[in-house]
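The values are calculated or read from the model by the stated rules, or taken from the named source; none is laboratory data. No experiment lies behind these values; they were computed from the predicted model shown. Note that we place each Cβ from the backbone using ideal geometry, even for glycine, and neighbour counts take in every protein chain shown.
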Amino acid sequence: MQKSHATKASEVKRDWHLLDAKGQILGRFSTQVAIFLLGKNKTNWVPYLDMGDYVVVVNAKDIKVTGKKETDKIYYRYTGYPGGLRKESLGHLRSRRPEEILRRSVVGMLPRGKLGQAMVKKLYVYPGPEGEMVEKAKGAQNG
C-alpha cells in the first residue's frame with residue numbers, strides 16, 4: 001500500500017524563468033506565465049501552497065493582440081470618488097506603460113487573496129530587452 005505525501009512549504013524549490021514576449025500572443029503567453037507562477041508545472045503541486053517560480057518577462061512592449069483589441073479593449077479603474085470611473089484603451093495603455101498589459105492579464109489568471117498576492121510578487125515584467133533588468137530582478141528577490 002502506498003502512502004500519500006502532503007507537500008510542505010519547506011519542500012518548495014523555486015527556479016527562475018526568463019521568457020521573451022516578442023511576437024507572442026497576449027492571452028496564450030499569459031497562461032504560460034501563470035502556470036509558472038502557480039507552480040502547476042511541478043509534479044508535487046498542491047493548490048493550498050505558493051509553489052510557483054520566479055518569472056522575468058522581457059520585451060513586453062512587443063506582445064501581440066489579435067483582432068481589434070488594440071482599440072476595442074478597455075481597461076477600467078475606479079478612483080473611489082463620484083464620477084471617478086477611468087477608462088483606457090489597450091493601445092493607449094501600451095503607449096503609456098506597455099508592461100502593465102501583460103501584468104494585468106496574468107494577475108487575472110491567479111487566485112485572489114494572499115496566495116495570489118504572493119505569486120504576483122514573483123513576476124517581473126520589463127518593456128525592453130533583458131540586459132541589467134534580469135540582474136535587477138534577482139537583486140530585488142535577494143535584497
Discussion item. Quick check on the stretch 93-101. Is at least one of its residues more than 17 Å from L115 (Cβ to Cβ), part of a strand (DSSP E or B) and charged (D, E, K, R)?
Written reply: no
Worksheet item: Does L85 satisfy the condition of being hydrophobic (A, V, I, L, M, F, W, C), at pLDDT 95 or above and more than 22 Å from the chain's Cα centre (by Cα)?
Response: yes
Practice prompt. Name the single residue, out of those in the stretch 47-61 being closer than 18 Å to K22 by Cβ and touching a strand residue (DSSP E or B) at 6+ places or on another chain (Cβ under 9 Å), that is surrounded by the most Cβ atoms within 10 Å (Cβ to Cβ).
Written response: V57
Worksheet item: Within the stretch 78-115, which residues are surrounded by 10 or more Cβ atoms within 10 Å (Cβ to Cβ), within 30 Å of Y48 (Cα to Cα), out of contact with any helix residue (DSSP H, G or I) (no Cβ under 7 Å at 6 or more places or on another chain) and of a type in the set (D, E, K, R)?
Response: R103, R104
Practice prompt. Would you check which residues across the stretch 2-25 are outside any loop (DSSP other than H, G, I, E, B) and either touching a strand residue (DSSP E or B) at 6+ places or on another chain (Cβ under 7 Å) or exposed (fewer than 11 other Cβ atoms within 10 Å of the Cβ) (or both) and list them?
Written response: A9, S10, W16, H17, L18, L19, D20, I25
Practice prompt. Residue by residue through the stretch 35-70, note down the ones that are of a type in the set (V, I, T), free of Cβ contacts under 8 Å to residues at least 12 places away in the same chain and either over 22 Å from A6 (Cβ atoms) or part of a helix (DSSP H, G or I) (or both).
Written response: I35
